[in-house]
Amino acid sequence: MTDMEDRLAIIEACTRMAWHADQREWDRLAEVFADSVTLDYTSLNGGEPAVLTPEQIVEAWSGLLGAFDATQHLITNHLVTVDGDTAVCTAAFQATHRLTDPFGSSLWTLGGNYRFVLVRTGGAWKIAAVVMTATWGDGNRNLMSLAAGQR
């Protein structure tokens with residue numbers, strides 16, 4: 001692959017993570033991940049980063065995100081650095097979650113940055129790590145707890 005082809009494939013892998021989650025294409029979602037993935041959502045939830053398989057990610061995300069009426073994760077402003085068979089892609093995100101709540105707003109939107117670490121595996125770029133850094137939120141954060149309770 002040329003440098004440009006690598007960059008486009010890396011951006012595509014990161015975009016597909018959001019697209020497949022929002023479209024509830026759980027089998028396709030698993031395809032974007034390496035065999036072992038470090039997920040770091042500690043800026044939002046605290047705790048420690050988790051190391052999961054693609055199947056474990058799909059199980060967790062399908063339960064939580066699948067409980068929402070709809071989600072939309074927009075990822076943009078990609079900056080890509082390629083070093084052989086590894087790459088880092090940083091990008092801005094905005095994630096909107098919709099769920100009917102009789103006691104509050106039905107929307108919660110979160111914004112910030114992603115840092116993806118990718119590896120070339122079998123000729124394809126796969127996500128090996130995701131660090132989500134939340135920098136702002138708006139709306140009803142309680143929707144996450146409501147969605148988690150519906151699992």
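The values are calculated or read from the model by the stated rules, or taken from the named source; none is laboratory data. Quantities reported herein were computed from a predicted structural model and do not represent experimental measurements. Ideal geometry is used to build each Cβ from the backbone, glycine not excepted, and the neighbour counts take in all protein chains shown. These accessible areas exclude ligands, DNA and RNA; they are computed on the full protein's heavy atoms, side chains included. Shrake-Rupley method; radii C 1.70, N 1.55, O 1.52, S 1.80 Å.
General remarks:
- Among the residues of the range 110-127, those that are open to solvent by less than 20 Å² (accessible area, probe 1.4 Å) and in contact (Cβ under 8 Å) with a residue 60 or more places away in the chain comprise Leu110, Gly112, Tyr114, Phe116, Leu118, Trp125, Ile127.
- Taking the range 1-37 as the range and being touching a helix residue (DSSP H, G or I) at 6+ places or on another chain (Cβ under 9 Å), within 18 Å of Asp83 (Cα to Cα) and assigned to a loop (DSSP other than H, G, I, E, B) as the test, only Met1 passes.
- For Ala148: the one exception among (1) closer than 14 Å to Phe68 by Cα; (2) more than 19 Å from the chain's Cα centre (by Cα); (3) among the hydrophobic types (A, V, I, L, M, F, W, C); (4) surrounded by fewer than 17 Cβ atoms within 10 Å (Cβ to Cβ): (2)
- Only one of Glu48, Glu5 that is farther than 18 Å from Arg120 by Cα and surrounded by fewer than 18 Cβ atoms within 10 Å (Cβ to Cβ): Glu48
- One residue from Asp101, Asp138 being out of contact with any Asp or Glu (no Cβ under 9 Å at 6 or more places or on another chain) and modelled with pLDDT under 95: Asp101
- Condition check for Ala134: open to solvent by less than 50 Å² (accessible area, probe 1.4 Å) and more than 20 Å from Gly47 (Cα to Cα): no
- Test for Ala70: is it over 14 Å from the mean Cα position of the chain (by Cα) and either more than 17 Å from Asn113 (Cβ to Cβ) or open to solvent by 40 Å² or more (accessible area, probe 1.4 Å) (or both): yes
Listed here are the residues, each with its yes/no results for (1) open to solvent by 60 Å² or more (accessible area, probe 1.4 Å); (2) touching a Lys or Arg at 6+ places or on another chain (Cβ under 8 Å); (3) within 20 Å of Ala134 (Cβ to Cβ); (4) small (Gly, Ala, Ser).
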site: Arg24; (1), (2), (3), (4): yes, no, no, no
site: Asp27; (1), (2), (3), (4): yes, no, no, no
site: Tyr41; (1), (2), (3), (4): no, no, yes, no
site: Ala91; (1), (2), (3), (4): no, no, yes, yes
site: Phe103; (1), (2), (3), (4): yes, no, no, no
site: Trp108; (1), (2), (3), (4): no, yes, yes, no
